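Right, one structure below, let's go through it.
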Amino acid sequence: MKVLFICKSNFGRSQMAEAIFNQISKKHKATSAGTKKGRVTGHKLKDFPEHSNLFICMDEIGFNIRNNIAKLLTLEMVRDADKIIVMAEKETWPDYLKKSDKIVFWEIEDMCGQSLDKFRKARDQIKSLIEKLVKRI
């Protein structure tokens, strides 16, 4: 099964989810993307050290995601996925995503510009939801 995790910019929530899912799941593979093109799209996450809380909170659980590249969501990604987990705010969704019947929405707060504790809270929520998801699929 191919799982696609989506957030707004593919810099925080969906990157966390992809890394955690791919470590926990032995049978399935995850990728991630963002609904909005931004200054991080197409770049390695490490190119934005001002977002160090993301790196710190993921380092704490054994993940170095600095070399991950932020990707923009495409119609092809949606078509190729078997299950789509969306954490992006609904007003950022493209029409083709809104029409998909593969979507599950997780309400995880966008941590951009937030404290390290907010990043940890989101990370822990995502990890818990992924553990439940992997048991079900």
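Readers should treat all values here as calculations from the given coordinates under stated rules, not as data from a laboratory. None of the values given here were measured: they were computed from a predicted structure. Cβ: placed from backbone, ideal geometry, glycine included. Neighbour counts: every protein chain shown.
Gain on full extension, evaluated as 0.36 nm per residue between Asp117 and Met1 minus their Cα-Cα distance, stands at 38.5 nm. Remark: for residue pairs Lys37/Lys132; Lys37/Lys135; Lys27/Lys118; Lys26/Lys102; Lys36/Lys132, the C-alpha separation exceeds 26 Å in Lys37/Lys132; Lys37/Lys135; Lys27/Lys118; Lys36/Lys132. Taking all Cα pairs closer than 8 Å and separated by 6 or more residues, the relative contact order of the stretch 1-122 comes to 33 percent.
With springs only between Cα atoms under 10 Å, which of Val40, Val78, Val104 fluctuates most in a Gaussian network model of the chain? For the chain, modelled as a Gaussian network with Cα springs under 10 Å, the answer is Val104.
Maximal additional length on extending the Lys29-Glu91 stretch stands at 19.6 nm, based on 0.36 nm per residue less the C-alpha distance. The residues neighbouring His51, those whose beta-carbon lies less than 14 Å from its own, together hold a net charge of +4 under the Lys/Arg +1, Asp/Glu -1 convention. Restricting to the chain, compute how many DSSP beta bridges are antiparallel as a %, nearest 5. Around 5 percent antiparallel, to the nearest 5.
Ordering Ser9, Trp93, Leu129 by the projection of their Cα atoms onto the charge dipole of the chain, which places +1 on the Cβ of Lys and Arg and -1 on the Cβ of Asp and Glu, puts Leu129 at the extreme positive end. In plain terms, the C-alpha convex hull of the stretch 2-132 casts an average shadow of 7.3 nm² when viewed from every direction. Charge tally for Glu109 (other residues, Cβ to Cβ under 13 Å; Lys, Arg +1; Asp, Glu -1): +1. For the stretch 17-82, the Stokes-Einstein estimate of translational diffusion at 10 °C and a viscosity of 1.306 mPa s comes to 121 µm²/s, using the Kirkwood hydrodynamic radius over alpha-carbon pairs.
Computed over Cα pairs, the Kirkwood radius of the stretch 73-137 leads via Stokes-Einstein (1.002 mPa s, 20 °C) to a diffusion coefficient of 161 µm² per second. In a simple Cβ point-charge model (Lys, Arg +1; Asp, Glu -1; nothing else charged), the stretch 2-132 has a dipole of about 340 debye relative to its Cα centre.
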